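Every number here is computed from the coordinates shown, using simple stated rules; none is lab data. It should be emphasised that the depicted structure is a prediction, and the values quoted were computed from it without experimental measurement. Cβ coordinates were reconstructed from backbone atoms using ideal geometry, including for glycine residues, and neighbour counts include every protein chain displayed.
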Amino acid sequence: MNVHFAYPYMFWLLPLVPMVWWVMWHRSRTDIATMRFSDLKLLADARPSWRVRLRWMVFAIRALTIGLIIVVLSRPQQVQSSERVVREGIDIQLALDISLSMKAGDFDPKDRITVAKEVIADFINGRQDDRIGLVVFSGHAFTQVPLTLDYDFLQNLLGQVQTVRRPDGTAIGIALAHSVDALRSSETKSKIVILLTDGSNNRGDVDPLQAADIARALNVRVYTILVGKPGDGEYPVYDSYRDQYYMIPAPTVEDERDLRDIADRTGGLFFRAGDEQALREIYQKIDQLERSQVASEKLVRYQEGWQSWALAAMLTLMAEILLRTLVLRSVN
């Protein structure tokens, strides 16, 4: 706790303290009661009494009293400062591919959808003051969770997300348009979409690049993530509806093209994740790039502290009066 003086210019009066000391001392040397003696030899053995020796205390107490009064006039205060952190959250729309191909087990021992849900859940846990929504898509897109600050509710519904058999496919354009539309009325300065898929657009009547242009017009940044091991191989997927396995191709360079263009047009970034660790690092990087804006407001409170100085001045003044009248009485 610091001490602050409301009227520090009052300390210019401090030179009065030595001046008062000097005036009182000078008067004590010149204004002395005298007595006539026929012979000064009578005073040869006289010694100053203890009362005379204590006269300096009167001067010191008077000077101290004036100094204390000057401190009181400067109005000392105790500074009690505090800092209030103001956060301005951002709006984040998560778009998650739940087409049947997300059941591919190339994220051994887990499949793509399981790993994606776990990583997204950790991403949500690391956010504060940000509204987050969830759009899921396959051949169509729909809002699983609208923008919300209720992270427990969001996590609960995220945990219930599963891949769907019908309508299968990857409608990236519709999913992006759906996500951007949810951010249309947002008044936050920062709005982003994180779109995760394992393929290219093959369903829907909305072109992904047209949806990206809409996002750019609304100042929405889009981060796109393509999951799946790179290469020309295929991965077995079990279709419980048909009770059989079928093979799906790995994401190819052609799958990347639109996702890269979407990110570039909106000021976002494109990522490719071939395993769980890579996907976690991608979301950690996005988490670092998109942080809430934090501002601080410093609040300063003052508590008056002149009372103790005023009390000290009164006590020293009373001490001087008592010393003069009871102890150091002068002879006139």
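Label positions at Thr148 and Ala121, each projected 7 Å from the Cα along the C-beta direction, are separated by 1.6 nm. Among beta bridges from DSSP that stay inside segment 90-291, the antiparallel ones total about 35%.
In order along segment 170-182, phi translates into HN-Hα couplings of 9, 9, 5, x, 5, 4, 5, 4, 5, 5, 5, 4, 5 Hz, rounded to whole numbers, per the Karplus curve 6.51 cos²θ - 1.76 cosθ + 1.60 with θ = phi - 60° and x for Gly and Pro.
Segment Ala217..Met318, full-extension length gain: 28.5 nm, with 0.36 nm per residue of separation and the alpha-carbon distance subtracted.
If R0 is 30 Å, the Cβ-Cβ spacing of Ala60 and Asn2 corresponds to a FRET efficiency of close to 0.50.
Sorted on the mean count of surrounding Cβ atoms within 10 Å across their residues, most packed first, peptides 89-98, 197-206, 312-321 read 89-98, 197-206, 312-321.
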